[in-house]
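J.: Handing you this structure, nothing more for now.
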């Protein structure tokens, strides 16, 4: 198991072939994917192909990487967190994306994973600025960002697309290196 970081209740690590079923469980759930820009998975094969793609990305040692969130107590993969965009200018900026199985929402897991990611990025001197965006209708995602200490910078009008095949407004949040407590 290739662990990236741990929190009190979670292990953030690279994806493995055995994670296919857990990935499909939430990526195949329309209530989870409705605000995302990747289509809801239709089969276990979709999950297998995604994990194969991510394993290739790990071999290329890309800063942009997607990791699974494993619940320590159950050893179940309950979601994902990623450095979905990396810009090297101005000492680095990373955009974080995340998704969580609906059965584990509302329990503080995503806030915990996000705070852990902030610490990981700071300790490894990867970025001085971290951003995250969410569909303005996805209030839960905005709540996670605020609880993690991110600041709302503004709303980008019709800047996103989702699984409803519509354009939507995106709320943009950020946190700076000096605001992250280790």
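J.: Which members of the range 136-167 meet the condition of being in a strand (DSSP E or B) and under 21 Å from residue 117 (Cα atoms)? First the steps, then the outcome.
T.: Step one: list which residues in the range 136-167 are in a strand (DSSP E or B), which gives 151-161, 167.
Result: 151, 152, 153.
J.: Only one of 23, 36 is in contact with a strand residue (DSSP E or B) (Cβ under 7 Å, 6 or more places away or on another chain), modelled with pLDDT under 90 and surrounded by 15 or more Cβ atoms within 10 Å (Cβ to Cβ). Can you tell me which? If you could, list the steps in order and put the result at the bottom.
T.: Values: 23 fails: modelled with pLDDT under 90.
36 is the lone residue from the list that is in contact with a strand residue (DSSP E or B) (Cβ under 7 Å, 6 or more places away or on another chain), modelled with pLDDT under 90 and surrounded by 15 or more Cβ atoms within 10 Å (Cβ to Cβ).
J.: Residues to consider are 90, 83; find the one that is surrounded by fewer than 19 Cβ atoms within 10 Å (Cβ to Cβ), within 22 Å of residue 118 (Cβ to Cβ) and at pLDDT below 95. I'd like the intermediate steps shown before the answer.
T.: On the way: 83 fails: surrounded by fewer than 19 Cβ atoms within 10 Å (Cβ to Cβ).
Of 90, 83, the one residue that is surrounded by fewer than 19 Cβ atoms within 10 Å (Cβ to Cβ), within 22 Å of residue 118 (Cβ to Cβ) and at pLDDT below 95 is 90.
J.: Out of 115, 100, which single residue is out of contact with any strand residue (DSSP E or B) (no Cβ under 8 Å at 6 or more places or on another chain), surrounded by 15 or more Cβ atoms within 10 Å (Cβ to Cβ), in contact (Cβ under 8 Å) with a residue 40 or more places away in the chain and farther than 19 Å from residue 57 by Cβ?
T.: Of 115, 100, the one residue that is out of contact with any strand residue (DSSP E or B) (no Cβ under 8 Å at 6 or more places or on another chain), surrounded by 15 or more Cβ atoms within 10 Å (Cβ to Cβ), in contact (Cβ under 8 Å) with a residue 40 or more places away in the chain and farther than 19 Å from residue 57 by Cβ is 115.
J.: Residue by residue through the range 1-57, note down the ones that are closer than 18 Å to residue 75 by Cα and in a loop (DSSP other than H, G, I, E, B).
T.: Scanning the range 1-57 gives 1, 2, 7, 8, 9, 14, 15, 16.
J.: Can you confirm whether the range 104-112 contains a residue that is loosely packed, with under 15 Cβ neighbours inside 10 Å, free of Cβ contacts under 8 Å to residues at least 40 places away in the same chain and touching a strand residue (DSSP E or B) at 6+ places or on another chain (Cβ under 6 Å)? Steps first, answer last, please.
T.: Looking only at the range 104-112, we keep the residues that are loosely packed, with under 15 Cβ neighbours inside 10 Å, and these are 106-108.
This time we only want the ones that are free of Cβ contacts under 8 Å to residues at least 40 places away in the same chain, so: 106-108.
Going one step further and asking which of them are touching a strand residue (DSSP E or B) at 6+ places or on another chain (Cβ under 6 Å), we end up with none.
No, the range 104-112 has no match at all.
J.: Here's something else I'd like to know. Could you check the range 69-80 and list, in sequence order, the residues that are over 16 Å from residue 114 (Cβ atoms) and either in contact (Cβ under 8 Å) with a residue 12 or more places away in the chain or not in a loop (DSSP other than H, G, I, E, B) (or both)?
T.: 72, 73, 76, 77
The values are calculated or read from the model by the stated rules, or taken from the named source; none is laboratory data. In this text, all values refer to a predicted model and were calculated from it rather than measured experimentally. We place every Cβ from the backbone using ideal geometry, glycine too, and count neighbours over all the protein chains shown.
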